[in-house]
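Have a look at the structure below before the remarks.
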Amino acid sequence: MAKDRNGENYTGPLRRLLLSVLVLCLLGLFLFWRIDSPRVERFRAQVIDTVLPSFDWAMAPVTASVKLLRNFQSYQRIHEQNQELRRELRQMTSWKEAALQLEQENARLRDLNNVQLDPRLTYITGVVLADSGSPFRQTVLINVGSRDGIVDGWATMDGIGLVGRISGVGDNTSRVILLTDTTSRIPAVIQPSGQRALIVGDNTAAPPIDFLENPDLVRPGDRIVTSGDGDVFPPGLLIGQVAQDPGGRLRIRMAADYERLEFLRVLRDHGARKVTQPSALIMPDAPLGTVTPPPEASDETAGVGDG
């Protein structure tokens, strides 16, 4: 017990002494390091050159930690830049889609301007608003109507070929019956043979060609235009080309793109007869020699006759 007490008595003062010496040494080193003298400066440089290289092993963990921290910060910046680039890419993708749509609309409008028509025909361009989408009726709605001078029965075209005819006119809109509708019957001429035929709509993309005078003179790829018979359509409007289905039946490959109808050109055909009833488009006029019943006499006319 006595030895332990003696050891504790010596240990306390020894620790205090060593701490005091260490503080004095550090204070002296600090003061010495603050001295502004060329000799002291050379001494400091020698000390640094001697001590620092031997401390590389001790600084390695610190250097590695600093590099790791810098790499992490760089990775974080790269991640933020990547996210920003992704946002810009999505935005540019939407801009690209919008640009492609505008380019397609512009191309269709240029096609409308390049169509060669009879100089006597004027036209008005309308935008397709809606599609019927019915398997039994093929019609579209356009944004021009009676206020624009649209008349029932006028022909409509896209940038290349005939699309249909006006059937139903409102103040601001009109309905167009497509050539593929089952009620559509278009008199046509097949070039170069000059064979006349009837394009009969059947709700398919390639309507059949009926009532050919001589089918042997018709070949796939022949051009089909309107004949102008019946004053339904002006003559010479492009409809499409002759095609043959697997069953050997002659059909027409439409020149108009029915899958992407966005703009339609309505032809003002002032020279044709005006359609006042929808039935006038499909029912023939009364043949010659048919007796038409006289109109009923009015009361005023009857009174004159009695007098």
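The values are calculated or read from the model by the stated rules, or taken from the named source; none is laboratory data. Just so you know, these numbers come straight off a predicted model, no measurement behind them. FYI the Cβ positions are ideal-geometry reconstructions off the backbone, even for glycines, and counts take in every protein chain you see. Each accessible area value is taken on the protein alone, full model and side chains, heavy atoms only, with ligands, DNA and RNA left out. Shrake-Rupley method; radii C 1.70, N 1.55, O 1.52, S 1.80 Å.
Accessible area per residue for segment 194-242 is 44 Å², calculated with a 1.4 Å probe on protein heavy atoms, without ligands, DNA or RNA. Scalar couplings 3J(HN,Hα) for segment 13-28, obtained by applying the Karplus form with A = 6.51, B = -1.76, C = 1.60 to θ = phi - 60°, are x, 5, 5, 4, 5, 5, 5, 5, 5, 5, 5, 5, 5, 5, 5, x Hz; x denotes Gly and Pro.
Close amide H contacts of T183 (hydrogens built in the peptide plane, cut-off under 5 Å, sequence separation of 5 or more or a different chain): none are found. For segment 216-226, putting each phi into the Karplus relation 6.51 cos²θ - 1.76 cosθ + 1.60 with θ = phi - 60° gives couplings of 5, 8, 9, 10, x, x, 5, 7, 10, 10, 5 Hz, in residue order, rounded to whole numbers and with x for Gly and Pro. Using the Cβ-Cβ distance between R15 and V62 with R0 set to 41 Å, the FRET efficiency from 1/(1 + (r/R0)^6) comes to roughly 0.85.
What is the log10 of I(q)/I(0) for segment 142-188, computed with the Debye formula using one identical point scatterer on each Cα and no solvent, at q = 0.15, 0.18 Å⁻¹? Debye curve over Cα of segment 142-188, log10 I(q)/I(0) at q = 0.15, 0.18 Å⁻¹: -0.37, -0.52. Net charge dipole, segment 213-252: roughly 200 debye, given to the nearest 20, about the Cα centre with Cβ charges of +1 for Lys and Arg and -1 for Asp and Glu.
Listed values for segment 139-153 are Karplus-derived 3J(HN,Hα) couplings in whole Hz (6.51 cos²θ - 1.76 cosθ + 1.60, θ = phi - 60°), namely 9, 9, 10, 10, 9, 10, x, 5, 5, 9, x, 5, 10, 4, x, and x replaces Gly and Pro.
For the pair R137 and R223, label points projected 7 Å from Cα toward Cβ lie 3.6 nm apart.
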